[in-house]
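The values are calculated or read from the model by the stated rules, or taken from the named source; none is laboratory data. Owing to the predicted nature of the structure, the values given are computational and were not obtained by experimental measurement. Glycine also receives a Cβ, built like all others from the backbone with ideal geometry; neighbour counts cover every protein chain displayed.
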Amino acid sequence: MESSHQGDVGRHRDVRGPVHEIILGFVDQVCQQSQECRVQISAKSDYAVRAMCVLASADEGVSVKADDIAAAQAIPRTFLDGILLELRRAGIVVSRRGPDGGHRLARPAYAITVADVIRVMDGPLALVHGNRPESLAYDAPAERLQDVWVAVRASLRLVLERTTIEQVVSGKLPRQVTTLSGDNRSWTSVWPPAPLQVPIKISGA
C-alpha cells in the first residue's frame, strides 16, 4: 500500500508506510478544545511512533543518534528532542550522552504497543469534552450516545493496544489492522460530505 509514499530515509528502513496503515481511519486523542467528539491523529504521536520504529529497526544494543532518527523520518529536530525526552521519562527509551551516545528502546519492540507511545504523547486515547466516556451522562433522547463514545474508544484499543512496534517494523500487522486497511473504503475520505441528491418530482410525469 505504501508504494506512493516511499521515500529515501538514509540507512534506516522506511517505516512510514506501516505506521500510516495502522493509524489510517483511527485516532489517538479527542481534541479537548472541540465542542464535539472530534478526533484526530496529532503530529506529535505520529512522529513518536515513527521514531520508535527507527529505534526498533536498529541492531540490538545499538544506540541511534537523534540526527539519524530525524533524517530517517523527516522529523524536525527540535520537535524530536522533546519527544525523545518524554519517551525517556516514561521508561520506553534509554538515552546516553557522549560521542558514542544516542537512543535505544528500553524494552523489546514486541513489548511496546502503539497505544503505549500515544498515551505518553497525548494521554487517553479518546476523550469527549476532556472527559472519559464512562464518566458522561446524557438526557433522553441522547442517553445512548455514551455507548457510542465508549465503543469508539474500544475500537481504538482493539487496534492500537494489539499492534506492537515490532509488528509495524516487520510489516506483519495484526488482522485487526489488515482487515480494515484492506477495505478500499478505509482509504476514501468522507469529509466534506457529498451534497445530498434529492430526486425532483415532476408534476404530471
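Below are the figures for this structure:
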read-out	value
Selection within the stretch 142-166 - among the acidic types (D, E), surrounded by 13 or more Cβ atoms within 10 Å (Cβ to Cβ) and assigned to a helix (DSSP H, G or I)	E166
Within the stretch 78-90, considering residues that are more than 18 Å from A58 (Cα to Cα) and part of a helix (DSSP H, G or I), the one nearest to the chain's Cα centre (by Cα)	I83
Residue match in the stretch 122-138 (condition: under 30 Å from A56 (Cα atoms) and touching a Leu at 6+ places or on another chain (Cβ under 7 Å))	yes
Tally, over the stretch 154-176, of residues that are closer than 17 Å to L55 by Cα and of a type outside the set (A, V, I, L, M, F, W, C)	6
Matching residues, the stretch 167-196, being outside any helix (DSSP H, G or I) and modelled with pLDDT of 90 or more	G171, K172, L173, P174, G182, D183
Residue match in the stretch 85-99 (condition: without any contact (Cβ under 8 Å) to a residue 60 or more places away in the chain, surrounded by fewer than 19 Cβ atoms within 10 Å (Cβ to Cβ), within 25 Å of V177 (Cβ to Cβ) and of a type in the set (K, R))	no
Index of the failed condition, G130 passing every other in (1) over 18 Å from A115 (Cα atoms); (2) of a type outside the set (D, E, K, R); (3) without any contact (Cβ under 8 Å) to a residue 40 or more places away in the chain	(3)
Residues of the stretch 91-114 that turn out to be within 19 Å of the chain's Cα centre (by Cα) and modelled with pLDDT under 95, as a count	0
From D183, D139, residue being charged (D, E, K, R), exposed (fewer than 10 other Cβ atoms within 10 Å of the Cβ) and farther than 30 Å from R107 by Cα	D139
